[in-house]
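The structure under discussion appears below in the form of structure tokens.
The values are calculated or read from the model by the stated rules, or taken from the named source; none is laboratory data. Quantities reported herein were computed from a predicted structural model and do not represent experimental measurements. Glycine gets a Cβ as well: all are built from the backbone with ideal geometry, and neighbour counts include every protein chain shown. Side chains included, ligands, DNA and RNA excluded: accessible areas come from the protein's heavy atoms. Shrake-Rupley method; radii C 1.70, N 1.55, O 1.52, S 1.80 Å.
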Amino acid sequence: MPGSKLHRRGLMLVLSSPSGAGKSTIARALLEREDELFMSISMTTRPPRPGEKEGRDYFFITEDEYTQKVENGELLEHARVFSNYYGTPRTLVEQHLMAGEDVLIDIDWQGTQQLRDSARYDVISIFILPPSYDELEQRLMMRGQDSEEVIRKRMAKASDEMSHWPEYDYVIVNDVIEESIENLQSILKAERLRRTRRLGLDEFVNSIRSRN
Ligand code: ADP
Ligand code: 5GP
């Protein structure tokens, strides 16, 4: 087996940010550029927003269904955010990792802490910051998805969410979008090469050394 094609274990690329900083925009662009990267679709008890699709943006479930899934251990992590419940379905993520594929996971700081505790070596966490307070507010308004009241709430929550930046492996300030996407792509590329993630290195090196 040539060295460049060594099998590897997949990783979880976890993205968090205050709402409106650009996480979904960056995630979408990265998914288009990377073949071996798949999006984890979360479950949520919040109702769909206009334009959101079942199974593409979220799996929309009731609170009873959510409670059942938590009890059955079907969620890799779960948390209450903005008075709704959210969780990451376990099975699909684990299948991708076993197949040596990476999974992009968009969750808040509470979920990231849980994943870090349960699977530290499989998790690479990235916090995305806006370039300024005003720009964050501007982006929320430009997105046109939320009422003034909701935007006020999101801005109030942003400061809380941002206080968790030191818990992350990497931080990207999302000013110029193309640079942010490239930075995230570089992180992924380097982390894929990490020694501990590359299965079969032992045999590979031994096979070269034994030719001597
Ligand atoms: P999040 O997923 O973090 O809530 P979005 O990806 O929905 O944020 O982005 C919020 C808004 O900001 C969208 O209208 C998006 O097009 C815009 N946006 C994202 N990144 C940038 C950027 N670097 N410069 C300017 N606008 C951006
Ligand atoms: P929204 O309702 O705006 O789509 O998401 C609100 C927040 O919930 C975002 O910060 C998003 O990252 C977070 N979120 C979405 N899915 C999950 C999930 O499965 N688990 C956790 N912990 N947070 C999630």
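Assorted remarks:
- Helices (runs of 4 or more DSSP H) within the range 122-212 that include 2 or more residues within 23 Å of D35 (Cβ to Cβ) and open to solvent by 60 Å² or more (accessible area, probe 1.4 Å): 177-192
- Flag for Q114 being near ligand 2 (Cβ under 10 Å from one of its atoms), farther than 30 Å from R198 by Cβ and out of contact with any Cys (no Cβ under 7 Å at 6 or more places or on another chain): no
- Test set (1) outside any helix (DSSP H, G or I); (2) closer than 22 Å to Y170 by Cα; (3) free of Cβ contacts under 8 Å to residues at least 40 places away in the same chain - Q110 fails condition number: (1)
- Within the range 28-59, the set of residues being among the hydrophobic types (A, V, I, L, M, F, W, C) and either surrounded by fewer than 19 Cβ atoms within 10 Å (Cβ to Cβ) or more than 10 Å from ligand 2 (Cβ to nearest atom) (or both) comprises A29, L30, L31, L37, F38, M39, I41, F59.
- Flag for S118 being at negative phi and open to solvent by 80 Å² or more (accessible area, probe 1.4 Å): yes
- Residue in the range 81-104 that is free of Cβ contacts under 8 Å to residues at least 24 places away in the same chain, of a type in the set (A, V, I, L, M), within 16 Å of ligand 1 (Cβ to nearest atom) and touching a helix residue (DSSP H, G or I) at 6+ places or on another chain (Cβ under 9 Å) present: no
- Those residues of the range 61-79 which are within 11 Å of ligand 2 (Cβ to nearest atom) and not in a helix (DSSP H, G or I), in sequence order: L75, L76, E77, H78, A79
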